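The values are calculated or read from the model by the stated rules, or taken from the named source; none is laboratory data. Computed from a predicted structure; not experimentally measured. Note that each Cβ is placed from the backbone with ideal geometry, even for glycine, and that neighbours are counted across all protein chains shown.
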Amino acid sequence: MISLLALIGVYTLAARLLSRPDILPPTEEIGRAFGALLGRGVQLGGGGEGGEHAHHQHHSASQQMDTLLQEGVTLQGALAITTGRVLFGLGVGLPLGILLGLLMGASRRADDYLHPIYTVARSVPPLAFITYIMLWLGHSEAHRLIPIVYAVAVTMVIPTYHGARDVAGKYVEAARALGARGPLLLFQILLPAAGPAMLGGLRYALAIAWMTAVGAEMLMAENGMGNLLVGGGMWSSRFQTRSDPAVIIVGILALAAVGWAMDAGAKVLGARLTRWARR
Amino acid sequence: MTAGAPPPVLEAVDVGYGYSGPTPVQALDGLSLEVKDGEFVALLGPVGSGKTTLLRIFAGFLRPARGRVRCSGASVDGPGWQRGYVLQEEAVFPWMTVRGNLEFGLLAKGMGPDERRKVSDELLELIGLTAFADAHPKELSTGMSKMVEVARVLATDPSILLLDEPFGALDAHTRQRMQDALARLWAQRRKTVLFVTHDAEEALYLADRVVVLSPRPGRVKARFTVDLPRPRSFESRFSPEFLALKRQVWEATGLDAG
Amino acid sequence: MMTWTKARRAVIALVALTAVYVLAAEIGHGRLPERLWLGAHYVDNVKLLPTWRQLTEEGAFLIESNILVDSVVVSTRRVTLGLLLGSVAGILLGLLTGAASRLEALADPWVAFFRFTPALALLPLFVVWFGYGESSKILLIAANVAVVTFLGAHQGVRGVSRVYLDAAASLGAEGWLRFRKVVLPAAFPSIFSSLRVAAGLAWVTIVVAELVNAQMPSLGYLLALSGAYPRTPTMMIALATIGALVLVFDLLALLLYAWGTRWMERAA
């Protein structure tokens, strides 16, 4: 906690020393941007924001902020949208990845056939596909969600695979030698044994989901955090607006906060589910 | 085999098995072995003599590259509860309680909860862990969890037991106790046991016959019949016959270090 | 490891995959729509599933005109520089904070911050700070790589088994010697596996960075351009090239890992 305050302190000092508000905006301004983004919602560059706008003429006022406010973008709104995409990606991608990982881990034969295909599939970053998918699906929500699902699934395969193969191997054998087969083997033996590895993979998949969602939004969406970060607005006018580092920093901090929260949640969940684990 | 006699419960004829990899290893080569019904046979040999490999072939996890393996006259198709197998590694299920572990095989067989409880109560008493019935294996020492594994495999009452160095991690007293328990059980229920160990004394204490394997590749090097009277006790270890056998076995195994 | 059966099955799987694609392309030829609405305008003559011939034709063009090679060189250079910079920084910092707990307290908030920001979210910020050129891309990669390798090195040092430390102590080794000969090698598995993750992350980062700020010549630009016009054969070739490079880097990282951990894993 103290270190957090120290971090803020160091930053404020650095910002003041550097005295380049267009690169390192002073802490107060970040605070103000935060407030503005929180919910003064739809205000066409007027009201309190207008005053701020005029006050900071010298660093070519926040076009980014204006655009965002014009569009009625709020921090929590954008965050909610991105979170929604992340959750969707997890909801669909996790089961897919787990299924594949378990299959490959449990059966040597399946592994021999599927692993090369998997290696090919995971070699291309999902976000690179996004332009290709657009040709098929146009500018639709599915077009943005598919890379997230894909990234999560691909990420989840390896930890599940290792859990099923390396960790669960001997337990599966012991269970088979006791006559266990089928669903009993899967749910009572394989899943619990691979569980710890899978939970580790989950935390990693979480990070990947966020990254892919934000990336997809930066490239191809008109809402959400990624959009906020690159200046809001329509796809066509993207990257033309002058960026406001205060807005960006607020956005990054918000993402970091949510990311940390989700990770902490996953950690707690993991600890509870694996109370039986040794040392 | 003489015609008319029942087939040996476990039979391996000219079995070969190799492991590929950076240094390929011929684990077994031309190994032939028989275990008759109700016999207690110990497989003795140093590291690398393929004892575990042979056991796993009998258990149904590996298929011999050469030769054939039969169980009660039929070929071995895969693992099953009829051939109770205890691994060398620690394989007690850590996410289940001790009782859960013991009852697992019975669960797989479809036994009802009350019946299962009766059996698990008996077994808990046998291994002296009644107090730990609802504990998780992480609270047990390595030796105790191995005992749980042995008891777990006994729950389904298989007629064949394949044990891979089960008492290796136990201290001397516990080991003695478990060896006696195993011997008692074997005498009561007349199971056919194939027991892998690298400890000559343990082999002689428990078995009817001791088969000595040579390392890399595994072949039968010597066979000993252990005629010592049963039930054996701690005292038996000091009888002249025991010591004589022990010397013979040592000579058979020792001088040929791999 | 690699046996004949395994190799055979791998070949079958990959051949099957290619066959499925070729089949789909043949079926699609002439049946798939060729006129697409791209949000602002229509485009004609789009081959959604380019056939083998189209791919090879375009591929030949790209190679002959040096476009592909140049793009590969540029993107690879950026990735390599970013990886080197980031891993050196990350590993050093990780080792330092792992070994000296006072430093750890200092670095903790920074790491926590960077760790949970989605790697790409920093891109706009870096663009503001460093402009649209080479440095922002390389530094972005370096930052992401540094976080991952920092964690790897830090965990590696922290996680050194007590057993090894005690053994070292009873042999009289301490300080720098102990670090160099006991702690560091014991941390190698964690360090090298994080490097492998970092390599993959570096490529993901550069692709997006180049897509966002597409400049000739780069693989991202190739991707973006072929998306804008669009020319699907080029797109696919670009994707395949990126994929191949990712695999190459991954293989290198894997070899590095194997080298660094060659003393581990006693054979049964």
Considering only the stretch C:57-148, give the helices (runs of 4 or more DSSP H) lying wholly within it that have at least 2 residues that are of a type in the set (Gly, Ala, Ser), surrounded by 22 or more Cβ atoms within 10 Å (Cβ to Cβ) and at pLDDT 90 or above.
C:67-99
Could you tell me whether residue B:216 is in a loop (DSSP other than H, G, I, E, B) and more than 18 Å from residue B:144 (Cα to Cα)?
yes
All conditions in (1) more than 14 Å from chain A (Cβ to nearest Cβ); (2) closer than 30 Å to residue B:228 by Cα; (3) of a type in the set (Val, Ile, Thr) are true of residue B:86 except (1)
Please indicate, with yes or no, whether at least one residue in the stretch C:245-256 is more than 12 Å from chain A (Cβ to nearest Cβ), within 19 Å of residue C:194 (Cα to Cα) and either modelled with pLDDT under 75 or surrounded by 15 or more Cβ atoms within 10 Å (Cβ to Cβ) (or both).
yes
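Per-residue answers, yes or no, for (1) more than 14 Å from every other protein chain (Cβ to nearest Cβ); (2) in contact with a strand residue (DSSP E or B) (Cβ under 7 Å, 6 or more places away or on another chain); (3) more than 24 Å from residue A:257 (Cβ to Cβ):
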| position | (1), (2), (3) |
| --- | --- |
| C:90 | yes, no, no |
| C:114 | no, no, no |
| C:130 | no, no, yes |
| C:136 | no, no, yes |
| C:146 | yes, no, no |
| C:152 | no, no, yes |
| C:171 | yes, no, yes |
Matching residues in the stretch A:159-185 - criterion: being among the aromatic types (Phe, Trp, Tyr) and touching a residue at least 60 places away in the same chain (Cβ under 8 Å)
A:161
Selection count, the stretch B:10-55, where residues are touching a Leu at 6+ places or on another chain (Cβ under 9 Å) and without any contact (Cβ under 8 Å) to a residue 40 or more places away in the chain:
1
How do the helices (runs of 4 or more DSSP H) wholly within the stretch A:71-146 filter down when requiring 3 or more residues that are surrounded by fewer than 17 Cβ atoms within 10 Å (Cβ to Cβ): which remain?
A:75-106, A:108-123
Would you check if there is a residue in the stretch A:156-165 being touching a Lys or Arg at 6+ places or on another chain (Cβ under 6 Å) and more than 9 Å from chain C (Cβ to nearest Cβ)?
no
Would you be able to say whether some residue in the stretch C:169-177 is buried (at least 16 other Cβ atoms within 10 Å of the Cβ) and part of a helix (DSSP H, G or I)?
no
Unmet requirement for residue B:250, which otherwise passes all of (1) touching a residue at least 40 places away in the same chain (Cβ under 8 Å); (2) buried (at least 16 other Cβ atoms within 10 Å of the Cβ)
(2)
What's the number of the condition residue B:41 fails, among (1) more than 20 Å from residue A:189 (Cα to Cα); (2) out of contact with any Asp or Glu (no Cβ under 9 Å at 6 or more places or on another chain); (3) crowded, with 17+ Cβ neighbours inside 10 Å; (4) among the aliphatic types (A, V, I, L, M)?
(2)
Kindly indicate whether any position in the stretch B:45-65 is surrounded by fewer than 15 Cβ atoms within 10 Å (Cβ to Cβ), in contact with a Gly (Cβ under 6 Å, 6 or more places away or on another chain) and not in a loop (DSSP other than H, G, I, E, B).
no
Quick check on my filter: what residues within the stretch B:83-97 are among the hydroxyl-bearing types (Ser, Thr, Tyr) and surrounded by 24 or more Cβ atoms within 10 Å (Cβ to Cβ)?
B:85
Give the residue, chosen from B:100, B:78, that is within 13 Å of chain A (Cβ to nearest Cβ) and either buried (at least 18 other Cβ atoms within 10 Å of the Cβ) or of a type in the set (Asp, Glu) (or both).
B:100
